[in-house]
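The values are calculated or read from the model by the stated rules, or taken from the named source; none is laboratory data. All values derive from a computational prediction rather than experimental measurement. Note that each Cβ is placed from the backbone with ideal geometry, even for glycine, and that neighbours are counted across all protein chains shown. Just so you know, the surface numbers come from the protein's heavy atoms only, side chains and all, with ligands and any DNA or RNA stripped out. Shrake-Rupley method; radii C 1.70, N 1.55, O 1.52, S 1.80 Å.
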Amino acid sequence: MSNKIMILSLGRTGSLPLYSDNIVLHFPEKAYDCYKSKYAVEGISIPNQKSLITYKSSLTFILNTLFILPFYIIVLLPKIVKNYNILYLPYFHLWNLPFILLFRLLGRDVVLTVHDGILHKGENGFFIQQYSNLNIRLSTKLIYLTNYVKDNVENTLKIFKSDIIVPHGLIKNTSLIPSSSKINRGKNILFIGRISPYKGVELLSEVIEDISDSIEKCIIAGKSNYELKIKDTEKLKIQDRYLSDVEVGELLNWADILVLPYLEATQSGVITLGINSELPMVCTNVGGFHEQLNEDECIWVEPNKKSLKNGLLYLIQNYAKRDFLIKQMQKKKSSLSWDTISLQIFKFLTNNE
């Protein structure tokens, strides 16, 4: 048996496939094969990349899970037996479990990165939580992005495995302009990312209504997974859709302040976007955010209207503080390179910690 890693990255949208691509891109080329969804919207072309037909809707999920997934298991079985001694899953996906079971039956390592552990309010419900728990329990080793998530899994789910904590790297965006090219005296407020009930966009909309005279515009951009009650106003614009890499870059270039009004959190890929685009941020003091940003690296607020309003107004009006936070982000960027993160993960996968 050759000692190669089988990597499954079957997500189609959002930052998770990009997270996976950025890690795998820095692995030694001959060490792995990476199986990706044919329907991935964004992504990086990486060596040893192979496409699998997954699904794009509820109907194709049912049909392809019944027919395509078993076909792949059968076709790939000889290769798995002969070539792969480790299964690496950079994030939870509904098709991971059959591969986990197969590798465990073969007595081989399964390494899963746990992004949330305990799912957030409005995130798919009881069945998905139990299914996620099963994936975590059956893995042999776990990678966490924050201590907060590790504590959640160990204290709430009572799951204890060999583990490592590796922070989220910076998702690069080729459309970004350097902060030095921006005047940074504007009053454009941006919320960006997938919109879920726990992310506090309703709270943000109430605050924007109160401070509308103090801002130019606030944009809430990202695909919602529930029915949004917020409506466009003169100062608040909603872009409820999946965003391309170019659109994300354009929005980050447009923004003067990035806001994360989350009511709860584990960690956030949006923070890494803020760091990479060198934007001053206003963040709620929840979950694992303090493991991603230090006390003096953003404006910390509590997840309530008064605190968020005061934090935003302070940063809108205080240009010296904005300049300071931009410098902090410039320093922070160097500590979150994918080279460093990938090396940590690769060593953990191959037992070379």
Check your understanding: Relative contact order of the chain: what whole-number percent is it, with Cα pairs under 8 angstrom and at least 6 residues apart?
Key -> 15 percent
Check your understanding: Hey, which lysines would be in cross-link range of Lys331, C-alpha to C-alpha under 22 Å, not counting anything within fewer than 8 residues on its own chain?
Key -> Lys172, Lys182, Lys321
Review point. Quick one: what Rg and Dmax do you get for the chain from the alpha carbons, in Å?
Key: 20.8, 67
Check your understanding: Non-local amide H neighbours of Gly200 (under 5 Å, H modeled in plane, Pro and chain starts lacking H): which ones?
Key -> Leu263
Check your understanding: What number, in nm² with one decimal, is the all-direction average of the projected area of the convex hull of the alpha-carbon atoms of segment 52-101?
Key -> 3.8 nm²
Check your understanding: Which listed residue (Trp254, Thr266, Gln328) has the Cα farthest towards the positive end of the charge dipole for segment 223-340, taking +1 on Lys and Arg C-beta and -1 on Asp and Glu C-beta about the Cα centre?
Key -> Trp254
Exercise for review: Note down the nm distance, to one decimal, between modelled labels 7 Å out along Cα→Cβ at Arg185 and at Trp254.
Suggested key: 2.2 nm
Study note, to complete from the structure: Treating only Lys and Arg (+1) and Asp and Glu (-1) as charged, each at its beta carbon, one finds that segment 13-57 has a dipole about its Cα centre, in Debye to the nearest 20, of 180 debye
Review point. Using the alpha-carbon atoms, what tilt in degrees (0 to 90, nearest 10) does helix 338-349 show relative to the longest principal axis of the chain?
Key: 30 degrees
Review point. Using a Förster distance of 45 Å, how high is the FRET efficiency between Gln317 and Ala31, based on the Cβ-Cβ distance and rounded to 0.05?
Key: 0.30
Point to revise | Cβ charges +1 (Lys, Arg) and -1 (Asp, Glu), total dipole of segment 275-353, debye | key: 320 debye
Exercise for review: Give, in nm to one decimal, the length gained when the segment between Lys347 and Thr65 is fully stretched (0.36 nm per residue of separation minus the Cα-Cα distance).
Suggested key: 98.2 nm
Revision key, fill the gap. The answer for the per residue Cα convex hull volume of segment 151-301, in Å³, is 135 Å³
Exercise for review: Provide, as a two-decimal number, the C-alpha radius of gyration of segment 27-110 over 2.2 N^0.38 Å, N being how many residues it has.
Suggested key: 1.12
Study note, to complete from the structure: With no solvent term and unit scatterers on the alpha-carbon positions of segment 233-336, Debye gives log₁₀ I(q)/I(0) at q = 0.21 Å⁻¹ of -1.26
Check your understanding: Using mean Cβ contacts within 10 Å as the protection proxy, how do 51-59, 161-169 order, highest first?
Key -> 161-169, 51-59
Revision key, fill the gap. Heavy-atom accessible area of the chain with neighbours in place, 1.4 angstrom probe: carbon+sulfur share in percent works out to 54 percent
Exercise for review: Report the extension gain between Arg104 and Lys38 in nm, rounded to one decimal, defined as 0.36 nm multiplied by the number of residues separating them, less their alpha carbon distance.
Suggested key: 21.1 nm
Review point. What accessible area per residue comes out for segment 65-219, rounded to a whole number of Å², with a 1.4 Å probe?
Key: 43 Å²
Review point. Could the peptides 264-271, 144-151, 293-300 be put in order, highest first, of the mean number of other beta-carbon atoms found within 10 Å of their residues?
Key: 264-271, 144-151, 293-300
Review point. How big is segment 292-333 in terms of Cα radius of gyration and Dmax, in angstroms?
Key: 11.0, 31
Exercise for review: Return the sequence-ordered ³J(HN,Hα) values of segment 146-153 in whole Hz as given by the Karplus equation 6.51 cos²θ - 1.76 cosθ + 1.60 applied to θ = phi - 60°, using x for Gly and Pro.
Suggested key: 9, 4, 4, 5, 4, 4, 4, 5
Point to revise | Long-range HN-HN contacts of Leu236 with modeled amide H, under 5 Å | key: Cys218
Check your understanding: For the chain, what is the charge dipole size about the Cα centre, in debye to the nearest 20, if Lys and Arg each add +1 at the Cβ and Asp and Glu each add -1 at the Cβ?
Key -> 920 debye
Study note, to complete from the structure: Rounded to the nearest 500, the 222 nm mean residue ellipticity computed for the chain from DSSP H runs (n ≥ 4, each -39500 (n - 2.57)) alone is -11500 deg cm²/dmol
Practice item. Report the residues of segment 1-41 in range of a label on Lys82: point 7 Å along Cα→C-beta, backbone N strictly under 19 Å from it. Key: 1-7, 30-35
